[in-house]
Each structure stands twice: as C-alpha cells, then as structure tokens.
Amino acid sequence: MDEQGLNDAAIMLMSLGEEEAAEVFKHFSPKEVQKLGETIARMRSVSRDKVDMVINRFSDAAAAQSLLVSDTSNYVRAVLKRALGDDKAGLLIDRILQGGDVSGIESLKWMDPLSVAELLRNEHPQIVAAILVHLDSDQAAAVLMNFTDRQRSEVLLRVATLEGIQPTALKDLNEVLFKVLAGGDKIRKSSLGGVKAAAEIINMLAGNMDSVVLEVFEDVLKLDDKAIQTVLREVASETLIVALKGAVPELREKFLSNMSTRAADALREDLESRGPMRLSEVEAQQKEILKTVRRLSDEGQIVIGGGGDDAFV
C-alpha cells in the first residue's frame, strides 16, 4: 500500500468510528496495523471534501465488487466431490485450498524478532527454515540476525533448497508452533519450503542480489577441505561443471584444490570450453550440490559454517 493508499485507508477508518474500525483492524496483518496506526496518529485535520472523496471512492469500489457464491471454499469442495467422488476429491481439496489453521504461525508475526529467535534457537534448522518462509522477509531477516553464523548458514541452506508446501506439512508446522509457544515438547523434523521467500529473506540480509542460490552456494566456501572432498565424492562431474561455471573464482579454486591434479586440469578444460550458460541452468545444478551438502550435514558427515559457533541441537 503506497502513501496515498495509507492516507485514504486511515481516513476511511477514522470515519467509521471506534467499534467498526476495530472490527476492520482484526483482518489486517501486523505490518498493516502498524502502518495504519502510525498514519492515523500523524493526522491532525482532514477537510470535509477530502473525507467525502475517500468515502465516495470506497463506495464505488465496493459497489463494483460481487461474488457469485457466498462461500467459495465450500463451493470448491462440493463441486470436486460431485465431479470426482469423495476419495479423489479429498486428495485435491486440501492442496487447492492450502487449508488449515495457521494461527500458530501468524502469532509469530506479532512478536519482535529477538523473541522469535529465542523461541526457535534450539529448533532443528529445517523447522526454523519452514517457519521463516511464512514471515515477512524483513522480520525473517531480523530473526536470523540474532542467530550465530553457523545457525544462519544451516537455516539459509535449507530455505534455498526447500521445494513445495504441502497442506499436511503446513498443519504439522502450525502444531509445532503451538507446542513451542506453549513450552511443550519439541518436534525435530518437518518438510516444508519456499524458494521465492528465501530470495526476499537473503535480500533483506545482504542487500540486492541477482540470485539467492548463487549467494547461498558461495557459502560452501566455509566448508573445510575434508568436507569439500566428501561433497566431491557425491556430486556428478556434469553437475559440478555447470555449477562452477557461474561460481566466483574463489569457490572454483576451493573445489579444484581438493581434486587430483589430473581431475582438476580436466575440469578447468571443461569449464573453459563451455560457452555461455543460462543462469537458470547454473542455479539448478548449484541447487543439486546444495542438496548434497544439506544431506551430508544431516548425516553428520560434514559441518556447515565453521568458526566454532554452537550448532543446532
């Protein structure tokens, strides 16, 4: 919402009165509540003409809106069950509606980043990553700033390599949040993700970036030589060639220095002979290597993010 939109919304809410405005505020996000509250607090006087104009615009916009059915969710359920039968429809309904109670996740949006970080500090990085992708990017970035370097590396690796959000996983994640908020038993694993959100989070952390995967891939520089050698044993040569084609020189040398002289020479020759490649191709192969790094880390074969910081427990 731009500044003009905020001003108009503030005027509209002020014209409603306290009770009605309070009901409207219940449907806003924490960030929207804050922005609108600040806008209202700054207002000192508004002309009658301005108020009339805002109300008329709202009235016209409301009149132009219409719904063919009053409850779209129930309509989708009914149509799919009639068309496909209960069993087949059941497989699709949750995925289409992305349904489920997310009040546990939503409650974090009202908390300050330090408090969220304290709640999540001892959770498995997979859980942390799955939760952060549901927060606004600036809040998620602020939460990560309260983690150690190693914790940030663990979480960002998972954010960058997670794919898809299943409704059942969303439901499980919400239950995790309720247990964390209630101080109950901790659950250590969950599968959830959102790569697009990863770009926004990391952009907030480190300024503008062309590609989140490229940036997280460079974090592999933090691995020691033994870990790099372990990764090399698990990665196909074609994947390595394409991934390193778009990597910074330091990272290329990191891999090359941990190969035999013969293998390193062959890789250099392959890299030089390859023409320009699409960024999407490079990212896809770098992502495959990141998945390998994540798997090896989960198996305890390598440690992500050096420097002696405490790891997740």
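Values computed for the structure shown
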item	result
Residue among Met14, Met43, Met53, Met1 that alone is within 30 Å of Pro113 (Cβ to Cβ), out of contact with any Leu (no Cβ under 8 Å at 6 or more places or on another chain), modelled with pLDDT of 80 or more and surrounded by 10 or more Cβ atoms within 10 Å (Cβ to Cβ)	Met43
Verdict on Asn258 being in a loop (DSSP other than H, G, I, E, B) and modelled with pLDDT of 90 or more	yes
Residue satisfying all of: in region 286-313; surrounded by 16 or more Cβ atoms within 10 Å (Cβ to Cβ) and assigned to a loop (DSSP other than H, G, I, E, B); modelled with the lowest pLDDT among these	Phe312
Asn146 being of a type in the set (S, T, N, Q), outside any helix (DSSP H, G or I) and in contact with a helix residue (DSSP H, G or I) (Cβ under 7 Å, 6 or more places away or on another chain)	yes
Count - residues of region 270-285 that are part of a helix (DSSP H, G or I), surrounded by 10 or more Cβ atoms within 10 Å (Cβ to Cβ) and more than 33 Å from the chain's Cα centre (by Cα)	1
The one condition in (1) surrounded by 12 or more Cβ atoms within 10 Å (Cβ to Cβ); (2) modelled with pLDDT under 90 that Leu267 fails to fulfil	(2)
Qualifying positions in region 99-118 - buried (at least 18 other Cβ atoms within 10 Å of the Cβ) and either at pLDDT below 80 or among the aliphatic types (A, V, I, L, M) (or both)	Gly104, Ile105, Leu108, Val116, Ala117
Test: residue in region 219-233 that is assigned by TED's automatic domain parsing to the domain that holds Ser115, part of a helix (DSSP H, G or I), at pLDDT 60 or above and of a type in the set (Lys, Arg)	no
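The values are calculated or read from the model by the stated rules, or taken from the named source; none is laboratory data. These numbers come from a predicted model, not from an experiment. Cβ coordinates were reconstructed from backbone atoms using ideal geometry, including for glycine residues, and neighbour counts include every protein chain displayed.
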